[in-house]
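Written below as structure tokens is the structure these notes are about.
The values are calculated or read from the model by the stated rules, or taken from the named source; none is laboratory data. Note that the structure is a prediction, hence the values are computed from the model and not measured. Virtual Cβ from ideal backbone geometry, glycine too; neighbours counted across all protein chains shown.
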Amino acid sequence: MPQYNYRCRSCDYEFSEIHKIDDRKIPESQPCPGCSIIGEVYQMITAPVIGYSIAPNLRTTNNFNDRLKEMRKNFGRDNTVGDSIR
């Protein structure tokens, strides 16, 4: 689920929450966690965060890192913009 950033117009309190896409507007109808005023929270427009993390003691079963390296190598062969996905 995506993480969304919010800010309060009254007290400038910023916070992040993880929601389903359909539920991303729910915090806007809730009281601000900083000042408890209702109707002052709005969703900030930010760049999406894309990440891949795994616990250090676990291994991926689908060889994710190996496949990613192969994609990077192959992309650089056929295109002049090979460094754009690094």
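Summary of values
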quantity	calculated
Top-ranked residue in segment 19-55 [being among the small types (G, A, S) and modelled with pLDDT under 90; ranked as nearest to R7 (Cα to Cα)]	A47
Among residues of segment 1-22, those that are surrounded by 13 or more Cβ atoms within 10 Å (Cβ to Cβ) and among the hydrophobic types (A, V, I, L, M, F, W, C), counted	3
Complete set of residues in segment 16-31 that are in contact with a helix residue (DSSP H, G or I) (Cβ under 8 Å, 6 or more places away or on another chain) and assigned to a strand (DSSP E or B)	E17
